[in-house]
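J.: One structure coming up, written as structure tokens, with questions to follow.
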């Protein structure tokens, strides 16, 4: 099966782990994958002795499946991190123009309603706050104001299309900001990766525990089973 298929086949088992059972890698995942693959080769070479000592016969096949699943989980987490980093860079490029357009529409609204105190109060309310979230909401609010008062803005040369642009820009910046701040999605993918890592490590530990017993008087062979990344 493919790594994705192995991931999907073992996902329920990974999700069934209790929170207190989940472990986090103490080495890089590249090192972990190299370590488990090397362990599987050594275990296969000494399979008969390990099975005689009680090691489950299915454990090597299970470890291969879980290793593949963990590789896929790691890739998904890496993709989430990459998507967030790309969104952060895109936000940096696009947000100045969004702020500038918001300020332009606020200025236009103040001028269009310069003789309407009630409308000016609404504009002042919209203009409150200087955060990214405020800017995104301001564009949406100004879009609504423009669509509800087309004649007032037309008189000062601001076309209706500008408010359609504001609505679209608000939605775009909202989605972009959500991706740039995608902490929850990244954490979720990391936890899933850690769940698969835990299952794979548990099997690797079983193999090593058995090897320590079988080869307790054969240090050279036993050394082959030890991790290089302690």
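J.: So which of 109, 40 is assigned by TED's automatic domain parsing to the domain that holds residue 174, buried (at least 17 other Cβ atoms within 10 Å of the Cβ) and part of a helix (DSSP H, G or I)? If you could, list the steps in order and put the result at the bottom.
T.: Details: 40 fails: assigned by TED's automatic domain parsing to the domain that holds residue 174.
None of the others qualify; the one that does is 109.
J.: Of the residues that make up segment 152-164, is at least one assigned to a helix (DSSP H, G or I), closer than 28 Å to residue 84 by Cα and modelled with pLDDT of 95 or more? Even if it seems obvious, please write down each step before you answer.
T.: Initially, segment 152-164 is screened for residues assigned to a helix (DSSP H, G or I), giving 152-154, 160-164.
Next, only the ones that are closer than 28 Å to residue 84 by Cα stay: 164.
Filter again for modelled with pLDDT of 95 or more, leaving 164.
For segment 152-164, residues assigned to a helix (DSSP H, G or I), closer than 28 Å to residue 84 by Cα and modelled with pLDDT of 95 or more: present.
J.: In addition: So residue 172 fits all but one of (1) in contact (Cβ under 8 Å) with a residue 24 or more places away in the chain; (2) buried (at least 18 other Cβ atoms within 10 Å of the Cβ); (3) within 38 Å of the chain's Cα centre (by Cα); what number is the exception?
T.: Condition not satisfied by residue 172: (2).
J.: Do you know which residues across segment 49-62 are closer than 14 Å to residue 208 by Cβ and modelled with pLDDT under 90?
T.: 60, the sole residue that qualifies.
J.: For segment 3-34, which residues satisfy the criterion of being over 14 Å from residue 72 (Cα atoms), without any contact (Cβ under 8 Å) to a residue 12 or more places away in the chain and in a helix (DSSP H, G or I)?
T.: Within segment 3-34, 12, 19, 20, 34 meet the criteria.
J.: Okay, next question. In the list 99, 125, which residue meets the criterion of being exposed (fewer than 12 other Cβ atoms within 10 Å of the Cβ), out of contact with any strand residue (DSSP E or B) (no Cβ under 6 Å at 6 or more places or on another chain) and modelled with pLDDT of 95 or more?
T.: 125
J.: Evaluate segment 61-81: report whether one residue or more is within 23 Å of the chain's Cα centre (by Cα), loosely packed, with under 14 Cβ neighbours inside 10 Å and under 30 Å from residue 141 (Cα atoms).
T.: no
The values are calculated or read from the model by the stated rules, or taken from the named source; none is laboratory data. Fair warning: this is a prediction, and the values are worked out from it, not measured in the lab. Methodologically, a virtual Cβ is constructed for each residue, glycine included, from the backbone with ideal geometry; neighbour enumeration extends over all protein chains shown.
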